[in-house]
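The values are calculated or read from the model by the stated rules, or taken from the named source; none is laboratory data. Owing to the predicted nature of the structure, the values given are computational and were not obtained by experimental measurement. Don't worry about glycine lacking a Cβ; one is built from the backbone with ideal geometry, like all the others, and counts go over all protein chains shown. When the accessible area is computed, the model is the full protein with side chains, heavy atoms only, and any ligands, DNA or RNA have been set aside. Shrake-Rupley method; radii C 1.70, N 1.55, O 1.52, S 1.80 Å.
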Amino acid sequence: MTIPPLPEPLPHHRLARLSVRHRWWRPLVGTMVVAVVYMIAVGVLYVVLEELGSRKGYPEGPDGAVEFGPVSGTAVDLLLLALATPVVLLAVRWIGQRPAGTVSSVTGRLRWRWLTLCMLTALPIVALAMGGMLLLPADGDEEFRWAGWGVFGPALAMLVVLVPVQAAAEEYVFRGWLTQAVGAFVRSPWFAFLPQAVLFAAAHGWGTPWGFTDLVVFGVAAGWLTWRSGGLEASIGLHTVNNLLAFAGSAATVDGLRSDETAADAPWPLVALDVTSIALYTAAVVWLLRRRPQARTAPAPLPPGRPPAFATPYAPVTGNPVAPPWAGRPTPGTPVPPPYPGTPLPPPSPGAEAGAADQP
């Protein structure tokens, strides 16, 4: 009988097929559910925050919406984006019929030590790139004006708390759910990276061609790092550090958080520095992976086994096996009566005599 080969291990972008209940329609239905549920959740939370802001006396803007101010308004935006994480995790569990942690990594969880190491690696690289951006000539903009610690301190505290969950939420949507949804149909990781990278860039708005290209490069690099390391930690680390330093720089400037510009509006000199930092970070993570290897695949689920065609049912056996009795031998456990007085004992066997002679 030929033994069928075991299923091949699954990389991160193929983990939608990890469930034995996987069907072709689950990634498609799950994508629609994620979009609809997220929009409903955002609408509900926004109404609640609007009501709270109105009760606390925040003014209304020209469009009738509550104006929370630069710091509180940024906090609201970050919270609304962070809602995507629980929506994705619930979709993975209920629609995908697999553990929610499989969207985080091939180990079924977020690897916190690896995430911390990636963030520490990204910090000097991104800080150096942003320092270089400050040296570029301004395009007729106003000079830097320090906002003061009274504004920057509370804003920085808010950013440290909310930026990581906002950046992680975007990674769970694009490098997590969308990449695995496409990977359920294709084997090549590159075909799974490109769609999410374009959607990631489009989600930031249509700015300059340079800015859009920069976001696509970021999406492809983050997707490749996710595949190479087997999880979202490397992409979350870069995204978190990048957004935290960018928001912190805006918060340090007077009315910097009021700006509506995004990375999609970046000119080509900023894009050149940012792409360079992305390449350096990618090379640094690859170097780390050679010294601290991370799991890259998960074992594929085995199909439910079937009994062979010639199998016959047997009654269950309990306890130790007991030899069946035969003629001239009593059943095990039956007491043997002592010999009658005067009855000669049978002569011992030659082996027994030799054994008795050897004993002292």
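Restricting to the stretch 30-44, name every residue that is surrounded by 15 or more Cβ atoms within 10 Å (Cβ to Cβ) and within 19 Å of ALA16 (Cβ to Cβ). Break it down into steps so the answer makes sense when it comes.
At the first step, the residues of the stretch 30-44 found to be surrounded by 15 or more Cβ atoms within 10 Å (Cβ to Cβ) are 30-31, 33-34, 37-38, 41-42.
The answer is GLY30, THR31, VAL33, VAL34, VAL37, TYR38.
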Take THR107 and decide whether it is more than 27 Å from MET32 (Cβ to Cβ), of a type in the set (Ser, Thr, Tyr), open to solvent by less than 30 Å² (accessible area, probe 1.4 Å) and in contact (Cβ under 8 Å) with a residue 24 or more places away in the chain.
no
Spans of helices (runs of 4 or more DSSP H) in the stretch 1-100 with at least 1 residues out of contact with any strand residue (DSSP E or B) (no Cβ under 7 Å at 6 or more places or on another chain), without any contact (Cβ under 8 Å) to a residue 60 or more places away in the chain and within 25 Å of PRO301 (Cα to Cα)
25-55, 84-94
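Residue-by-condition table, conditions (1) assigned to a loop (DSSP other than H, G, I, E, B); (2) open to solvent by less than 30 Å² (accessible area, probe 1.4 Å); (3) more than 18 Å from ALA84 (Cβ to Cβ):
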{"site": "PHE152", "(1), (2), (3)": "no, yes, yes"}
{"site": "ALA155", "(1), (2), (3)": "no, yes, yes"}
{"site": "VAL161", "(1), (2), (3)": "no, no, no"}
{"site": "TYR172", "(1), (2), (3)": "no, yes, no"}
{"site": "THR179", "(1), (2), (3)": "no, yes, no"}
Condition first: part of a helix (DSSP H, G or I) and among the small types (Gly, Ala, Ser). Now tell me which residues in the stretch 211-238 satisfy that.
GLY211, GLY219, ALA221, ALA222, GLY223, SER229, ALA234, SER235, GLY237
When you scan the stretch 102-141, how many residues do you find that are touching a helix residue (DSSP H, G or I) at 6+ places or on another chain (Cβ under 6 Å) and not in a helix (DSSP H, G or I)?
5
